[in-house]
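The values are calculated or read from the model by the stated rules, or taken from the named source; none is laboratory data. Because the structure is predicted, anything quoted here is derived from the model rather than measured. Here the Cβ positions follow ideal geometry from the backbone for every residue, glycine too, while neighbour counts run over all protein chains shown. These area figures cover heavy atoms from the full protein model, side chains too; ligands, DNA and RNA do not enter into them. Shrake-Rupley method; radii C 1.70, N 1.55, O 1.52, S 1.80 Å.
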Amino acid sequence: MYQTKAYAVASKTAALARTAIPRRDATDRDVQIEILYCGICHSDLHYARDDWHDVLPAVYPVVPGHEIVGRVTKVGSGVTQYKVGDLAAVGCLVDADHTCPNCQQGLQNFCPNQTLTFGSKDRHGTAPVTFGGYSDSIVVDERMVLRVPTNLNLAGVAPLLCAGITTYSPLRRFGVTKGIKVGIVGLGGLGHMGVKFARAFGAHVVVFTTSPGKTEDALRLGAHEVVVSKNPDEMKKHVASFNFILDTVSAEHDINPFIHLLALNGNLTLVGAPAKPLALSSFALIFGNRSVSGSNIGGIPQTQEMLDFCGQHNITADVEVIPIQKVNEAWDRLVRSDVKYRFCIDMASLKGE
Ligand code: NAP
Ligand code: ZN
C-alpha cells in the first residue's frame with residue numbers, strides 16, 4: 001500500500017479539502033496511473049451531497065472523480081495492454097466480475113458485481129470504499145483501463161470518460177444518424193457532448209436550454225436550432241417532430257412538454273439523474289406510441305469505441321481547466337449551471353500541496 005494526495009468531503013455539508021488516501025500496490029493485473037486531469041461531473045456533487053440517499057447512499061469520506069486521464073507509472077507482471085509511459089484513462093467503473101452475462105456482452109456498466117470508481121465497496125480491502133480521481137494517482141485492473149487517442153488535448157479528453165460515453169451510448173442505441181431529428185435537453189457537461197456526437201452522426205440537432213445566454217455557444221457546438229424551453233411559443237413550433245430526445249438535466253423539471261415534442265414512436269431517454277421521481281403523463285405517451293427510457297454510462301468496449309471515434313473526428317469536451325484549489329468554487333458554479341461546458345482539474349496543482 002502507498003499513500004497519495006487527494007481532495008475529499010468528510011460529510012454531506014463539508015467543503016472539499018486536502019487529505020491523504022491509501023492506494024494498493026499494483027498486483028499482476030493492475031495498472032498504476034499518475035492522474036494528469038480529472039473532469040468534474042454533476043454526479044460527483046450529487047453523490048457527495050447525498051442527493052441520491054435513497055438509491056446510492058454516500059459513504060464518507062468521499063473522494064469524487066470518474067473522468068480520469070493520466071500516464072502509466074507502473075504495470076503488474078501480467079499486464080499486456082499497457083506499458084510505463086503510455087497514456088491511459090479510467091471512467092466510472094474500476095471493476096466487474098467479468099463472468100456474468102452482461103460482462104460477457106461487454107456491458108460491465110450493468111454487472112451486478114461492479115465496482116464504481118468512488119463510493120463502492122473496495123474489493124481489495126485497501127479502504128472501506130473506493131476513492132476517485134480527485135487525487136494524484138490510481139491503481140486499476142487493466143481490463144477496466146481505456147486507451148487514449150494521442151492526437152487530442154488531454155484536458156478535453158478527461159470528460160469523455162463519463163459525459164462522453166453517457167451521451168454517445170444512447171445516441172448509438174437509438175440509431176441517431178442523418179435524417180433523424182434529435183433534441184438535447186440541458187447544455188451542461190453531458191448536454192454539450194450530446195450535441196457534438198449527434199452532429200457528428202449527421203442528425204438535425206436542436207438544443208433545449210433554460211439559459212438564453214447559451215444560444216450562441218449551442219450553435220457553435222453544433223446545434224442547428226436552439227429553443228429556450230421556458231418559452232411555450234418556441235416549444236410549440238416543434239410539436240410531434242422529434243425522433244429522439246436526450247434529457248441531461250440534473251435538477252427536478254417537467255419532462256411532459258418534451259414528450260409532446262416526440263413524433264410517432266419517438267423516444268425520450270433520461271440520462272440526467274435528479275434525486276426525486278419525475279411525473280409522467282400517460283396520455284402524452286399513449287397519443288403517439290411514444291416511449292421514455294433510461295441509459296447508464298456505457299460498457300468498456302463501447303467506451304473505447306467512443307474514444308477512438310473522438311480521435312478520428314477530433315472531438316473533445318470544451319473545458320474550463322482549474323487548479324484543484326478552485327474545486328469548491330467550481331462545484332458552486334455547477335449548481336448554478338454556470339459551466340462552459342465542463343470543469344477539468346489540472347492535477348499538477350495538487351503536487352505542490
Ligand atoms: P451539468 O453540467 O450541471 O448540466 C446540467 C444542465 O441541466 C445545466 O447546465 C442546465 O442546462 C440544465 N439544468 C440545470 N438545472 C435545471 C433546472 N432546474 N431545470 C431545467 N434545466 C436545468 O451536469 P452534468 O454533469 O452534465 O450531469 C447531468 C446529469 O446527468 C446529472 O444529474 C448527473 O448526475 C447525470 N449523469 C448521469 C449519468 C448516467 O449514466 N445516466 C452519467 C453522468 C451523469 P441549461 O442551462 O442549458 O438549461
Ligand atoms: Zn459522471
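Scan region 87-103 for residues that are in a loop (DSSP other than H, G, I, E, B) and within 16 Å of ligand 1 (Cβ to nearest atom) and report the count. Lay out the reasoning, then the answer.
As a first pass, look at region 87-103 and keep what is in a loop (DSSP other than H, G, I, E, B): 91-92, 96-100.
Next cut, within 16 Å of ligand 1 (Cβ to nearest atom) only: 91-92, 96.
So the count comes out to 3.
Among the listed residues Asn231, Asn267, which satisfies the condition of being open to solvent by less than 40 Å² (accessible area, probe 1.4 Å) and either away from ligand 2 (no atom under 16 Å from the Cβ) or among the charged types (D, E, K, R) (or both)? Before you say what the answer is, go through the steps one by one.
Working: Asn231 fails: open to solvent by less than 40 Å² (accessible area, probe 1.4 Å).
Residue meeting the stated conditions: Asn267.
Answer yes or no: is there a residue in region 195-211 that is open to solvent by less than 10 Å² (accessible area, probe 1.4 Å), at pLDDT 95 or above and closer than 18 Å to Val319 by Cβ.
Initial filter on region 195-211 (open to solvent by less than 10 Å² (accessible area, probe 1.4 Å)): 195, 197-198, 203, 205-209.
Restricting the remaining residues to those that are at pLDDT 95 or above gives 195, 197-198, 203, 205-209.
This time we only want the ones that are closer than 18 Å to Val319 by Cβ, so: 195, 197.
Yes, region 195-211 contains at least one residue that is open to solvent by less than 10 Å² (accessible area, probe 1.4 Å), at pLDDT 95 or above and closer than 18 Å to Val319 by Cβ.
How many of the residues in region 205-225 are within 21 Å of the chain's Cα centre (by Cα) and either within 16 Å of ligand 2 (Cβ to nearest atom) or over 20 Å from Leu261 (Cα atoms) (or both)?
4
Give the residue, chosen from Gln81, Gln114, that is within 21 Å of Ile300 (Cα to Cα), open to solvent by 50 Å² or more (accessible area, probe 1.4 Å), more than 16 Å from ligand 1 (Cβ to nearest atom) and at pLDDT 95 or above.
Working: Gln114 fails: more than 16 Å from ligand 1 (Cβ to nearest atom).
Of the residues listed, the single one that is within 21 Å of Ile300 (Cα to Cα), open to solvent by 50 Å² or more (accessible area, probe 1.4 Å), more than 16 Å from ligand 1 (Cβ to nearest atom) and at pLDDT 95 or above is Gln81.
Just to be sure I understand the filter: pairs with C-beta atoms under 6 Å, separated by 6 or more residues or on different chains, first member in region 130-144 and free of Cβ contacts under 8 Å to residues at least 60 places away in the same chain, second member part of a loop (DSSP other than H, G, I, E, B). Which pairs pass?
From region 130-144, the pairs are Thr130/Phe118; Thr130/Ser120; Thr130/Asp122.
Among the residues of region 282-313, how many are surrounded by 13 or more Cβ atoms within 10 Å (Cβ to Cβ), over 11 Å from Tyr168 (Cβ atoms) and among the aliphatic types (A, V, I, L, M)?
Of the residues in region 282-313, 4 are surrounded by 13 or more Cβ atoms within 10 Å (Cβ to Cβ), over 11 Å from Tyr168 (Cβ atoms) and among the aliphatic types (A, V, I, L, M).
Here's the yes/no breakdown for (1) farther than 30 Å from Arg143 by Cβ; (2) part of a loop (DSSP other than H, G, I, E, B):
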position: Gly202; (1), (2): yes, yes
position: Val206; (1), (2): yes, no
position: Leu219; (1), (2): yes, no
position: Val226; (1), (2): yes, no
position: Pro274; (1), (2): yes, yes
position: Ile297; (1), (2): no, yes
position: Pro301; (1), (2): no, no
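On the given criteria, is Gly191 among the small types (Gly, Ala, Ser) and within 16 Å of ligand 2 (Cβ to nearest atom)? Full working, then the answer.
On the way: among the small types (Gly, Ala, Ser): yes; within 16 Å of ligand 2 (Cβ to nearest atom): yes.
For Gly191, the condition - among the small types (Gly, Ala, Ser) and within 16 Å of ligand 2 (Cβ to nearest atom) - is met.
Of the conditions (1) within 30 Å of Arg29 (Cβ to Cβ); (2) crowded, with 19+ Cβ neighbours inside 10 Å, Thr150 fails just one. Which one is it?
Against the list (1) within 30 Å of Arg29 (Cβ to Cβ); (2) crowded, with 19+ Cβ neighbours inside 10 Å, Thr150 comes up short only on (2).
Which residues, taken from region 128-144, are aliphatic (A, V, I, L, M) and surrounded by fewer than 17 Cβ atoms within 10 Å (Cβ to Cβ)? Reasoning before the result, please.
Within region 128-144, the first condition is being aliphatic (A, V, I, L, M), and the residues that meet it are 129, 138-140, 144.
Answer for region 128-144, where residues must be aliphatic (A, V, I, L, M) and surrounded by fewer than 17 Cβ atoms within 10 Å (Cβ to Cβ): there is none.
Looking only at region 243-264, count every residue that is crowded, with 19+ Cβ neighbours inside 10 Å and under 23 Å from the mean Cα position of the chain (by Cα) and tell me the total.
The qualifying residues number 9.
Within 16 Å of ligand 1 (Cβ to nearest atom), over 26 Å from Ala317 (Cα atoms) and out of contact with any Phe, Trp or Tyr (no Cβ under 7 Å at 6 or more places or on another chain), is that true of Asn256? Spell out how you get there, then give the answer.
On the way: within 16 Å of ligand 1 (Cβ to nearest atom): yes; over 26 Å from Ala317 (Cα atoms): yes; out of contact with any Phe, Trp or Tyr (no Cβ under 7 Å at 6 or more places or on another chain): yes.
So Asn256 fits the description; yes.
With a cut-off of at least 2 residues that are within 16 Å of ligand 2 (Cβ to nearest atom), name the strands (runs of 3 or more DSSP E) lying wholly within region 1-83. Even if it seems obvious, please write down each step before you answer.
Working: elements: 2-8, 17-23, 30-39, 68-75.
Correct list: 30-39, 68-75.
Can you name every residue in region 29-72 that is hydrophobic (A, V, I, L, M, F, W, C) and within 16 Å of ligand 1 (Cβ to nearest atom)? Let's see the steps before the verdict.
We begin by selecting, within region 29-72, every residue hydrophobic (A, V, I, L, M, F, W, C); these are 31, 33, 35-36, 38, 40-41, 45, 48, 52, 55-56, 58-59, 62-63, 68-69, 72.
Hits for region 29-72 are Cys38, Ile40, Cys41, Leu45, Ala48, Trp52, Val55, Leu56, Ala58, Val62, Ile68.
Being within 18 Å of Leu268 (Cα to Cα), surrounded by fewer than 24 Cβ atoms within 10 Å (Cβ to Cβ) and more than 10 Å from ligand 1 (Cβ to nearest atom) is the filter here; which residues of region 155-173 pass it?
Passing the criteria: Arg172, Arg173.
Could you look through region 106-149, keep only residues that are in a helix (DSSP H, G or I) and in contact with a helix residue (DSSP H, G or I) (Cβ under 9 Å, 6 or more places away or on another chain), and pick out the one that is farthest from ligand 2 (Cβ to nearest atom)?
If we filter region 106-149 for residues that are in a helix (DSSP H, G or I), which is where we start, we get 108-110, 142-144.
Those still in the list that are in contact with a helix residue (DSSP H, G or I) (Cβ under 9 Å, 6 or more places away or on another chain) too: 108-110, 143-144.
Details: Gln108: 15, Asn109: 12, Phe110: 16, Arg143: 20, Met144: 15 Å.
Selected residue: Arg143.
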